[in-house]
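Peer 1: First, the structure itself, so that you have it in front of you.
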Amino acid sequence: MVVAAHPDDEVLGAGGIMLKHVADRDFLYILILGDGESARDDQGSIQKRAKQAQQVAKKIGAKELILEKLPDNKFDSLPLLTITKVVERTIFKIKPNLVYTHFASDLNIDHRLTFQAVLTACRPQPGFFVKKIVSFEVLSSTEWQHKSPQTMFSPTEYINISQYIEKKVKLMKIYKDELRSFPHPRSAEGIKTLAHYRGMEVGFQNAEAFQVVRNIKD
Ligand SMILES: [Zn+2]
């Protein structure tokens, strides 16, 4: 299960790994907490973004997409408990064993609170079904944080996405209003550059990198 703050984060952070999971016949669920549109009165653009998310989920082959409606860039206007309950509602229904979500120190406040809510929702009580929690990196948020040892994204897992990189870029193009021109990181070339860089770190043409938060083995 992928838990993202905004429609497009799921593709930027985990586009390749999601395609790989589906190819491996895993059941994939995508939960997106916010509508991703700051103009709250503009129902048209909220609906458009939701439609794009549906299109993306369908193209990836997700079992289900769950779209919530938390306010864009204002998750901090809500008590953490409210966000946690939104996450719990879906987590307890689906009971995933593996959860991908944001990095704890992203620049974007919604990303950080999504991480906190996921970690709270996935408290490892005895017999709890979520065995592994993994953080992904999102261009123009993860690398834009203050680069101190405490807030740096430090990958512990790399997945070869060489056969999925073109599809990942195509998926991101569905969210065309979110794409910028290079050298903005959130661009087609930016996505490919990061994939090359992460790949190069471990001897692949293209990779997605992840930081394991918790992995429980019986
Ligand atoms: Zn985001």
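Peer 1: Determine whether the range 93-105 contains at least one residue that is within 15 Å of the ligand (Cβ to nearest atom), under 17 Å from THR142 (Cα atoms) and either basic (Lys, Arg) or in a helix (DSSP H, G or I) (or both).
Peer 2: no
Peer 1: While we're on this one: If you check LYS58, LYS69, which single one turns out to be away from the ligand (no atom under 14 Å from the Cβ) and part of a helix (DSSP H, G or I)?
Peer 2: It is LYS58.
Peer 1: Could you please tell me which pairs satisfy a Cβ distance under 6 Å, a separation of 6+ or placement on different chains, a first residue in the range 153-164 that is on the phi < 0 side of the Ramachandran plot, and a second residue that is among the hydroxyl-bearing types (Ser, Thr, Tyr)?
Peer 2: Cβ pairs passing all conditions: PHE153/THR142.
Peer 1: Still on this structure, please answer the following. When both residues are 6+ apart or on different chains and their Cβ atoms are under 6 Å apart, which pairs have a first residue that lies in the range 127-151 and is more than 23 Å from SER187 (Cβ to Cβ), and a second that is within 16 Å of the ligand (Cβ to nearest atom) and modelled with pLDDT under 95?
Peer 2: THR151/GLN145
Results for (1) within 16 Å of the ligand (Cβ to nearest atom); (2) in contact with a helix residue (DSSP H, G or I) (Cβ under 9 Å, 6 or more places away or on another chain); (3) closer than 16 Å to ASP9 by Cα, shown as yes or no for each residue.
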{"site": "GLN125", "(1), (2), (3)": "no, no, no"}
{"site": "SER135", "(1), (2), (3)": "yes, yes, yes"}
{"site": "SER148", "(1), (2), (3)": "no, no, no"}
{"site": "THR151", "(1), (2), (3)": "no, no, no"}
{"site": "ASN160", "(1), (2), (3)": "no, yes, no"}
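Peer 1: Among the listed residues SER154, SER135, which satisfies the condition of being in contact with a strand residue (DSSP E or B) (Cβ under 8 Å, 6 or more places away or on another chain) and either among the aliphatic types (A, V, I, L, M) or in a strand (DSSP E or B) (or both)?
Peer 2: Details: SER154 fails: either among the aliphatic types (A, V, I, L, M) or in a strand (DSSP E or B) (or both).
Exactly one residue qualifies, and that residue is SER135.
Peer 1: Any idea how many residues of the range 1-24 are in a loop (DSSP other than H, G, I, E, B) and away from the ligand (no atom under 13 Å from the Cβ)?
Peer 2: Selection size over the range 1-24: 2.
Peer 1: Let me ask another. Does the range 25-35 contain any residue that is surrounded by 18 or more Cβ atoms within 10 Å (Cβ to Cβ), more than 16 Å from the ligand (Cβ to nearest atom) and either on the phi < 0 side of the Ramachandran plot or over 16 Å from the mean Cα position of the chain (by Cα) (or both)?
Peer 2: Yes, there is a match, as at least one residue in the range 25-35 is surrounded by 18 or more Cβ atoms within 10 Å (Cβ to Cβ), more than 16 Å from the ligand (Cβ to nearest atom) and either on the phi < 0 side of the Ramachandran plot or over 16 Å from the mean Cα position of the chain (by Cα) (or both).
Peer 1: Now for a separate question. If you check THR114, THR142, which single one turns out to be part of a helix (DSSP H, G or I), in contact with a Gly (Cβ under 9 Å, 6 or more places away or on another chain) and at pLDDT 95 or above?
Peer 2: THR114 is the lone residue from the list that is part of a helix (DSSP H, G or I), in contact with a Gly (Cβ under 9 Å, 6 or more places away or on another chain) and at pLDDT 95 or above.
The values are calculated or read from the model by the stated rules, or taken from the named source; none is laboratory data. Since we're looking at a predicted model, the values are computed, not measured. All Cβ positions, even for glycine, are placed from backbone atoms using ideal geometry, and neighbour counts span all protein chains on display.
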